[in-house]
Amino acid sequence: MKPMRPDPDILVWKLRIPREGGSIPALLLSPKETVSEATGVLWLHGGGYFAGMKEMVHASRAVDLVKRFGAVVLAPGYRLSLWAPYPAALEDGYAALLYLKEHAADWGVRSDQLMVGGESAGGGLCAAVCLRARDEGTVRVAFQMPLYPMLDDRDTESSRENHGGVWNTRRNHLAWKIYLRGTDRVSPYAAPARAEDLADLPPAYSFVGDGEPFYAETVRYFARLRAAGISAELDVYHTDMHAFDMMDPDAALSHQAAETFNQHFAAAQQRFFAPQGERGEL
C-alpha cells in the first residue's frame, strides 16, 4: 500500500471540527503557494466504517488534487463503528462538510465549488453526505467522487461469495453488521443504494474493479444517477483487487486509473459549480 506520509510538496495542518458533544480531528491539505479561489474538497477515508484513519488521505487520490490542481482538501477522522455505529460516521462527515463551507473564505476556497470524495466506506459516506446535503438544503455540492464505494448492505451479484484478498463477502458482512448494529430500519443515509430518489444530486465520477465486491452496487448506483438526469461517469477496470490504486500504486493499471481520475477532476473543475445560498443557509 502507498505509505501514509505527507507529501513534502504540500502543506498539512491539524485541526478539530466542532460537533455536538465533542470534536472531530481532521487534516487540512493545501498547496504551498498562496491559495485563492481554490476548489474545496471534503475527502473521507475508507476502512469498512470500522477501521481506517484520517492519515489515509496521504495515500489517496486527494493528494494529486492538491498538487496538480491547487485544491484544498479537508480530511476528517470520523468516529469508527467499533465504538460508535451509524449514524456517527455520517454525522461527522456531514459536520465536516458544513465546516468546509463555513471556513471556505478563510482557506482561500471558492464557495461555489465544494466537492466531496472518498474511497470504499469513504465513498459510501461521500454518497450519503451528498444525499443529506441535498435533503437538508444546507450545502450545495458541485461534484462527488465516491470511488469503489460501499453503498449496499444487501448482497449483490459481486459481493455475494466474493473471495477477494483485500475485501470479501465475510469482511463485508462483518463490517455492515458492526456499522448497523442497533438499527431497526436501514436508512439511505447508512446505505445509499437504498435511496429511492437520486434526482438533484451532484454530478459524479467513480472507478471500480469488475471482480471486486462493490462492482455491482457501483454500476447500479451510477446507472440510477444517470436515469435521474445526473451527469455520472464510471470507469471499470479488470481486476478483483479492491482499492487497487491504493493497494498496488506502482502497477500500470493503478497509474492508468489515477491519470484518468485526474482527467475527470480537471474537467469537473472547469465545468461544475454550485453557488451557495440558493437552497438554504447554515
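Run down A105, A95 and say which single residue is touching a strand residue (DSSP E or B) at 6+ places or on another chain (Cβ under 8 Å), open to solvent by 10 Å² or more (accessible area, probe 1.4 Å), without any contact (Cβ under 8 Å) to a residue 60 or more places away in the chain and not basic (K, R). Break it down stepwise before answering.
Values: A95 fails: without any contact (Cβ under 8 Å) to a residue 60 or more places away in the chain.
Every option except A105 fails the conditions.
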Margin query: Among the residues in the stretch 147-154, are any in contact (Cβ under 8 Å) with a residue 40 or more places away in the chain, touching a Leu at 6+ places or on another chain (Cβ under 9 Å) and within 29 Å of N262 (Cβ to Cβ)?
Written below: yes
Notebook entry, point to check: Is the stretch 232-252 home to any residue that is within 19 Å of C130 (Cα to Cα) and open to solvent by 30 Å² or more (accessible area, probe 1.4 Å)?
Noted result: yes
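Under the condition of being in a loop (DSSP other than H, G, I, E, B), out of contact with any Leu (no Cβ under 9 Å at 6 or more places or on another chain) and without any contact (Cβ under 8 Å) to a residue 40 or more places away in the chain, which residue from the stretch 155-186 is surrounded by the most Cβ atoms within 10 Å (Cβ to Cβ)? Before the answer, list the steps.
Of all residues in the stretch 155-186, those in a loop (DSSP other than H, G, I, E, B) come to 155-168, 180-186.
From what's left, out of contact with any Leu (no Cβ under 9 Å at 6 or more places or on another chain): 155-168, 180-185.
From what's left, without any contact (Cβ under 8 Å) to a residue 40 or more places away in the chain: 155, 160-161, 163, 184-185.
Working: D155: 16, R160: 12, E161: 10, H163: 9, D184: 5, R185: 6.
Only one residue fits best here, namely D155.
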Notebook entry, point to check: Applying the selection to the stretch 67-89, what residues are of a type in the set (A, V, I, L, M) and either in contact with a Pro (Cβ under 6 Å, 6 or more places away or on another chain) or in a loop (DSSP other than H, G, I, E, B) (or both)?
Noted result: A71, L80, L82, A84
Next item on the list: Identify, by number, the condition in (1) within 20 Å of the chain's Cα centre (by Cα); (2) open to solvent by less than 70 Å² (accessible area, probe 1.4 Å); (3) of a type outside the set (V, I, T) that G277 doesn't meet.
Entry: (1)
Notebook entry, point to check: What number of residues within the stretch 1-48 are assigned to a loop (DSSP other than H, G, I, E, B) and either open to solvent by less than 30 Å² (accessible area, probe 1.4 Å) or hydrophobic (A, V, I, L, M, F, W, C) (or both)?
Noted result: 7
Check: On the given criteria, is A51 of a type outside the set (K, R), within 30 Å of R171 (Cα to Cα) and free of Cβ contacts under 8 Å to residues at least 60 places away in the same chain?
Finding: yes
Margin query: I'm told M115 meets every condition in (1) closer than 16 Å to P18 by Cα; (2) not in a helix (DSSP H, G or I) except one. Can you identify the failing condition by its number?
Written below: (1)
Note to self: Taking the conditions exactly as written (β-branched (V, I, T), within 16 Å of the chain's Cα centre (by Cα), open to solvent by less than 40 Å² (accessible area, probe 1.4 Å) and closer than 21 Å to A88 by Cα), does V63 satisfy them or not?
What the structure shows: no
Check: In the stretch 54-63, is there at least one residue being under 21 Å from D106 (Cα atoms) and either among the acidic types (D, E) or out of contact with any Cys (no Cβ under 7 Å at 6 or more places or on another chain) (or both)?
Finding: yes
Next item on the list: Please enumerate the residues belonging to the stretch 251-275 that are touching a residue at least 24 places away in the same chain (Cβ under 8 Å) and either touching an Asp or Glu at 6+ places or on another chain (Cβ under 7 Å) or of a type in the set (D, E) (or both).
Entry: A257, A258, T260, N262, H264, F273, A274, P275
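The values are calculated or read from the model by the stated rules, or taken from the named source; none is laboratory data. Keep in mind it's a predicted model, so treat the numbers as computed, not measured. Positions of Cβ are generated from backbone atoms using ideal geometry, with glycine treated the same way; all protein chains shown enter the neighbour counts. Ligands, DNA and RNA are stripped out before the accessible areas are found, and what is left, the full protein with its side chains, is counted by its heavy atoms. Shrake-Rupley method; radii C 1.70, N 1.55, O 1.52, S 1.80 Å.
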